[in-house]
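Shown next, in structure tokens, is the structure this report addresses.
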Amino acid sequence: MEKLNFVQEIPKNIENISHENILDFFSAPTLMSLDFGKQKWLVVSILLHGNETVGLEVLRNIKSIIKSRPVTKNLAILIGNTGACSQGLRQLPGQMDFNRVWSEKGELGFAKDFISWVEDKDIFATIDCHNNTGKNPLYSCVTTTDYSTLYLGSLFSRNLVYFEKPKDVFSRRFGLQAPSVTLECGRSGNPLGLKKCVEFIHDIFHIEELSLSDPSHQNIKIYHTVVRVKVPSDLNVGFGSGEFDIVFPENIDEYNFTPLTAGEVLAKTNLNKIPLILLNDQDEVVTDQYLKLNGNHICFKKDVVPSMFTKCIDIMKSDSFGYLMEDYHL
């Protein structure tokens, strides 16, 4: 895996950066550390997935994020998979997912270099910026439920998702060190997600402290991810209708963040079994706890709320089809 480059200033003409010219600015994973002589650091990661345009929007607006108010902290921006970004890809063929390399048991390449840099820093918060492929509202993901982390997430969206798996993602690794949030900014190019992400980073960069008060009285909705839905790589997948191993509704990604009740149909199959694999946080197969076969219909056994359901077949086979959530109460 590539090593990490280090820069200590904003490149000229950064407002003109795009996926076509990103390698002219950052030829490899890069840490841009802007030290203003303050004690604390705000850490932002972008482009861990190269095809997620919200990261480019952050870079185009970095000067306005910094200059609009007096600076209260230093700013570090980890710019991830620039090679994949230059080709409009999540990751290059044969490459590891840059948001699956943050294991506590030993990181590789740029991730190891970045962690070595972070170790002795006083971190105010970390923000990991992402788009997703399905139709989802803007929401925040957190890996702990301490009050300061929930408050941080609530400043981006009233919808918060608490998850425990996967364990090797950026926000979980650094959630051990400081309040850490993943911003899910809708699909790439979504103007609302782009605008709100930039505004959020601006506000957190200039905020003095994060609230430690009980967030249970705030107008937020917290979900807990309990199941990851996997699609076998050899499964023949379709949408709407047709002769496939499994056929999801044409609008399956519109199910996201919509409560579904027991008995509702997830998909149809021409097989005599449920071809999906559902895994809990212990990586145990729990398909039979959540799904049942009713004729050729795959139905839910219990009430759930989906998230990140995608119609991108490459994503559903290489990573996941999506997640099932339940309400989480503090």
Inset, instruction - Take the range 136-160 and flag every residue that is crowded, with 18+ Cβ neighbours inside 10 Å, more than 19 Å from L78 (Cβ to Cβ) and either in contact with an Asp or Glu (Cβ under 8 Å, 6 or more places away or on another chain) or small (G, A, S) (or both). - result: N136, L138, Y139, G153, S154, S157
Legend entry - Only one of E250, E326 that is of a type outside the set (S, T, Y), surrounded by fewer than 19 Cβ atoms within 10 Å (Cβ to Cβ), free of Cβ contacts under 8 Å to residues at least 12 places away in the same chain and closer than 24 Å to Y139 by Cα: E250
Inset, instruction - Having 2 or more residues that are modelled with pLDDT of 95 or more and farther than 27 Å from D168 by Cβ is the bar; report the strands (runs of 3 or more DSSP E) wholly within the range 196-291 that clear it. - result: 237-239, 246-248, 265-269
Inset, instruction - Go through the range 289-313 residue by residue and tally those that are under 21 Å from D234 (Cα atoms) and either of a type in the set (V, I, T) or free of Cβ contacts under 8 Å to residues at least 60 places away in the same chain (or both). - result: 7
Inset, instruction - Tell me which of these V44 doesn't satisfy, since it passes every other one: (1) closer than 21 Å to R90 by Cβ; (2) buried (at least 18 other Cβ atoms within 10 Å of the Cβ); (3) in contact with a Leu (Cβ under 6 Å, 6 or more places away or on another chain); (4) among the hydrophobic types (A, V, I, L, M, F, W, C). - result: (3)
Legend entry - Members of the range 112-132 that are modelled with pLDDT under 95 and surrounded by 22 or more Cβ atoms within 10 Å (Cβ to Cβ): N132
Legend entry - Near pairs, Cβ below 9 angstrom, 6+ apart or cross-chain, from the range 53-77 (not assigned by TED's automatic domain parsing to the domain that holds F114) to any residue that is crowded, with 21+ Cβ neighbours inside 10 Å and hydrophobic (A, V, I, L, M, F, W, C): none
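Confirm whether L150 is among the hydrophobic types (A, V, I, L, M, F, W, C) and touching a strand residue (DSSP E or B) at 6+ places or on another chain (Cβ under 7 Å).
Working: among the hydrophobic types (A, V, I, L, M, F, W, C): yes; touching a strand residue (DSSP E or B) at 6+ places or on another chain (Cβ under 7 Å): yes.
When the stated conditions are applied, L150 passes them.
State which residue is farthest from L56 (Cα to Cα) when the search covers only the range 179-195 and only residues that are among the aliphatic types (A, V, I, L, M) and without any contact (Cβ under 8 Å) to a residue 60 or more places away in the chain. Break it down into steps so the answer makes sense when it comes.
Going residue by residue through the range 179-195, those that are among the aliphatic types (A, V, I, L, M) are 181, 183, 192, 194.
With without any contact (Cβ under 8 Å) to a residue 60 or more places away in the chain added as a condition, the list becomes 181, 192.
Values: V181: 19, L192: 15 Å.
For the range 179-195, the residue satisfying everything is V181.
State whether one or more residues within the range 186-195 are in the same structural domain as C312 (by TED's automatic domain parsing), of a type in the set (K, R) and modelled with pLDDT of 95 or more. Walk me through it before giving the result.
The initial filter retains those residues of the range 186-195 that are in the same structural domain as C312 (by TED's automatic domain parsing), namely none.
Looking through the range 186-195, none of the residues is in the same structural domain as C312 (by TED's automatic domain parsing), of a type in the set (K, R) and modelled with pLDDT of 95 or more.
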Inset, instruction - Could you please let me know if A178 is of a type in the set (G, A, S), assigned by TED's automatic domain parsing to the domain that holds L48 and in a loop (DSSP other than H, G, I, E, B)? - result: yes
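The values are calculated or read from the model by the stated rules, or taken from the named source; none is laboratory data. Here the structure is a predicted model, which is why all the values come from computation and not from measurement. Glycine gets a Cβ as well: all are built from the backbone with ideal geometry, and neighbour counts include every protein chain shown.
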